[in-house]
Structures are given as C-alpha cells and as structure tokens.
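The block underneath contains the structure these notes are about, expressed in structure tokens.
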C-alpha cells in the first residue's frame, strides 16, 4: 500500500525517519530544550539535514504531568507548525495530539499528519483529518485515557489486541472519510503495556505489518528499553537502535526517533540486508 503524507510518497519498501521535536517544558527526553522557538527551529533544521523525512511536533508530555489546556497546546504547537511550513515548504509535518481542536488548528497551519497516540480518545480527530486531507496515525493504548500510565495491565495476547484495536480504528477512520493512503498504525510501545508486552510486540511486529496498513514505530529511548538495560534516558541508544533494526526487518516504515542520523543509518543497513535498497557505494572485490 502506498502511503502519502503531504508531499511525501512512500512505497511498501520505503523506510523513513520521523524526527521528534517536543514543544513541552517537561519532555522525558529533552527536558524542555525545544520550548524556545529558535532552539526548536534549529532542531528541525538539524533533523532535515540529517535526513528526516518527517518531523513530529508535540505540545503535551505523553505521560502524567501538569495539566495542559487545549488553548495552551495550540499556543505551543500551531504557530510553530506555520513557521516550519514557511521554512521547509515540502517537509512532511506531523502533530502529536489526541485533540480534534488542536488537530484542526494544526492542519490549518500546514500540518500533514495527525499522530494520535491515544487510541482515538477523541473521535473527532479522524473527522478533522478527513476534512483537511491529512494523514492519521491509529494507535493502541490498551483502552487507557490520555496521559495515563499502565498499572498491572494484562492481555490474553497483546499482539492480537494491538492488531484488532488499530485495524478497527483504521476502519473507523476510513468510514469518517480519511484517505486510505493516509492511514498508519502504531502498536504504541509502552502505552498501556508493561515491558514484557512491548518486547513481545517488537518480536512479533511482523503480525501487525501483515494486517496491511503501513506501520509507524516509536521506540526511541522508551522506558521498556531502559528496563532491558537498567539504563536512564541517556543510556538507551544501543537498545533503541536494536529495536529499530528488528522493527525495520519486520517491515515497519516510519520510525519516530530522537537521534535521526543514527536511526537513518540503521534503516539503510537493514534495507541493504533485506534487499530493498542497495549500498551507498559498491567497490569491494569488483575491480
């Protein structure tokens, strides 16, 4: 299935990096480094230079924290979406939100993708995507409301639950008028899952890919990888790249990442091994 996000067209073997630029004072990874407009734009510029095909802008920390009103989320994100669109006219811009009101304002400012990490908590977000011709991410969060950490969550089969949930949300998005070539699905590692669940989802990601929708993977520096290594956020790069490589081998297409250059090199290597792309050069033993 071809995937179209703004001016970005991806065939079934294409794999690209979505750079993360959080416009929050309490982001778990960057700790508010990009709340300032100049710093955030520098981060976008750097991501583009390192080969990101998309940039994902968020105005609310995913986990529990200080309450952020819809108006405040709009203030943090929407003017910056417009600024990025002016500076990078062809860049695919994603906005990480579950709120339809934020999604509408973001699309009017130039966003191409609405990245809903909270399992369609606001059904109006799909309607907004349809109205604006935007793409939409359909994610699994174990039925939890936004910004809720899982507690003693259990599944008979976590992967089966993921597949059923996200394909159901994709069908709902289609019924709302979202473009068939604008729907991605995301197992949403750590959302509504403990570490064992997230590891199993990674191990069996091919089952989600087989459901037929383009798959987004967002494993970058997440807590389940921290628990694998007993490492804080600054010690999770190797685990992130390993999980990225496995997910790429299974056929995921869009990789939400903090470290763009390293992630892109992993994808290039996996693609060469899979045979879906060639090496950058080929000289050895040929002359």
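The values are calculated or read from the model by the stated rules, or taken from the named source; none is laboratory data. These numbers come from a predicted model, not from an experiment. Cβ coordinates were reconstructed from backbone atoms using ideal geometry, including for glycine residues, and neighbour counts include every protein chain displayed.
Looking only at the range 28-40, how many residues end up being free of Cβ contacts under 8 Å to residues at least 60 places away in the same chain, under 28 Å from residue 192 (Cβ atoms) and surrounded by fewer than 22 Cβ atoms within 10 Å (Cβ to Cβ)? Of the residues in that region, 4 qualify. Just one of the numbered conditions (1) touching a helix residue (DSSP H, G or I) at 6+ places or on another chain (Cβ under 6 Å); (2) without any contact (Cβ under 8 Å) to a residue 12 or more places away in the chain is not true of residue 221: (2).
Quick check, is residue 43 crowded, with 17+ Cβ neighbours inside 10 Å and touching a residue at least 24 places away in the same chain (Cβ under 8 Å)? Can you show your working first?
Details: crowded, with 17+ Cβ neighbours inside 10 Å: yes; touching a residue at least 24 places away in the same chain (Cβ under 8 Å): yes.
Yes.
Of the helices (runs of 4 or more DSSP H) contained entirely in the range 164-280, those carrying at least 3 residues that are modelled with pLDDT of 95 or more and under 21 Å from residue 117 (Cα atoms) fall at 195-203, 205-209, 223-229, 237-250.
Condition check: assigned to a strand (DSSP E or B) and within 21 Å of residue 256 (Cα to Cα). Does residue 107 satisfy that?
On the way: assigned to a strand (DSSP E or B): no; within 21 Å of residue 256 (Cα to Cα): yes.
It is false that residue 107 is assigned to a strand (DSSP E or B) and within 21 Å of residue 256 (Cα to Cα).
When restricted to residues that are within 28 Å of residue 109 (Cα to Cα), crowded, with 16+ Cβ neighbours inside 10 Å and touching a helix residue (DSSP H, G or I) at 6+ places or on another chain (Cβ under 8 Å), the range 133-161 contains 6.
Return yes when residue 138 is in a helix (DSSP H, G or I), closer than 15 Å to residue 5 by Cα and in contact (Cβ under 8 Å) with a residue 24 or more places away in the chain and no when it is not.
In short, no.
Name the one entry in 154, 121 that is part of a loop (DSSP other than H, G, I, E, B), under 23 Å from residue 219 (Cβ atoms) and more than 19 Å from the chain's Cα centre (by Cα). Residue meeting the stated conditions: 154. Restricting attention to the range 48-107, the residues that are modelled with pLDDT of 95 or more, out of contact with any helix residue (DSSP H, G or I) (no Cβ under 8 Å at 6 or more places or on another chain) and either crowded, with 23+ Cβ neighbours inside 10 Å or within 20 Å of residue 19 (Cα to Cα) (or both) total 12.
Just to be sure before I move on: is residue 219 surrounded by 15 or more Cβ atoms within 10 Å (Cβ to Cβ) and more than 15 Å from the chain's Cα centre (by Cα) in the structure I sent? Spell out how you get there, then give the answer.
Values: surrounded by 15 or more Cβ atoms within 10 Å (Cβ to Cβ): yes; more than 15 Å from the chain's Cα centre (by Cα): no.
Judged against the criteria, residue 219 is not a match.
Here residue 93 passes the criteria (1) outside any helix (DSSP H, G or I); (2) farther than 23 Å from residue 173 by Cα; (3) touching a residue at least 24 places away in the same chain (Cβ under 8 Å) except the one numbered (2).
Got at least one residue in the range 61-70 being touching a strand residue (DSSP E or B) at 6+ places or on another chain (Cβ under 8 Å) and more than 23 Å from residue 150 (Cβ to Cβ)? Within the range 61-70 (the criterion being touching a strand residue (DSSP E or B) at 6+ places or on another chain (Cβ under 8 Å) and more than 23 Å from residue 150 (Cβ to Cβ)), the answer is no, since none of the residues qualifies.
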